[in-house]
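These notes concern the structure reproduced below.
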Amino acid sequence: MYKSNLLHFLDDEGKIPEEMNREGREMACFHALVVDAATGMMPSKYTISRIRCFKKGCRGTVHVRLSDLKDEIEWLCPECRNEGRISHWQGTRWDNSKSGRSGNA
């Protein structure tokens, strides 16, 4: 299971740094897509997204949900069982929740 703090992938301006290595940028972009999808829907149960799993050889689609405390976003690929949790996503540019939108104005 991946456990990620989204802020660890961002620079001081809240952006994904261009100088980050390729693998790091790909993972950061994946996390940003997951946060964008999950906070756009705010599901409490796993809900299918349009995000493809990044695991080599997998063609599955990632499912997302908010944790019970709504402080983490959980994601899962039902095809290969790749999964993870993302913390510290609140207030980032990919946070589409009501509190995130008002904080990103």
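Worth a mention:
- Pairs where the first residue, in the range 54-65, is under 13 Å from Arg85 (Cβ atoms) and the second is at pLDDT below 95, C-beta under 6 Å, 6+ apart: Arg65/Pro43
- No other residue among Thr47, Thr39 is under 19 Å from Lys98 (Cα atoms), in contact with a helix residue (DSSP H, G or I) (Cβ under 8 Å, 6 or more places away or on another chain) and not aliphatic (A, V, I, L, M) apart from Thr39.
- Just one of the numbered conditions (1) in contact (Cβ under 8 Å) with a residue 60 or more places away in the chain; (2) part of a strand (DSSP E or B) is not true of Gly14: (2).
- Residue selected from the range 19-55 under the condition outside any helix (DSSP H, G or I) and modelled with pLDDT under 95, by the criterion farthest from the chain's Cα centre (by Cα): Ser44
- Residue list for the range 55-77, restricted to those being buried (at least 18 other Cβ atoms within 10 Å of the Cβ) and either under 23 Å from His8 (Cβ atoms) or aliphatic (A, V, I, L, M) (or both): Val62, Val64, Arg65, Leu66, Glu72, Ile73, Glu74, Trp75, Leu76, Cys77
- Hits in the range 1-19 (condition: surrounded by 16 or more Cβ atoms within 10 Å (Cβ to Cβ) and over 13 Å from His88 (Cα atoms)): Ile16
- Evaluation of Asp36 against (1) surrounded by 14 or more Cβ atoms within 10 Å (Cβ to Cβ); (2) of a type in the set (D, E, K, R); (3) touching a strand residue (DSSP E or B) at 6+ places or on another chain (Cβ under 6 Å) (one fails), failing number: (3)
- When each of Arg81, Arg93, Arg85 is tested for being surrounded by 15 or more Cβ atoms within 10 Å (Cβ to Cβ), modelled with pLDDT of 95 or more and in a loop (DSSP other than H, G, I, E, B), the lone residue that passes is Arg93.
The values are calculated or read from the model by the stated rules, or taken from the named source; none is laboratory data. The model shown is predicted, which means the values in this text are computed figures rather than measured ones. Every residue, glycine among them, receives a Cβ derived from its backbone with ideal geometry; neighbour counts consider all protein chains shown.
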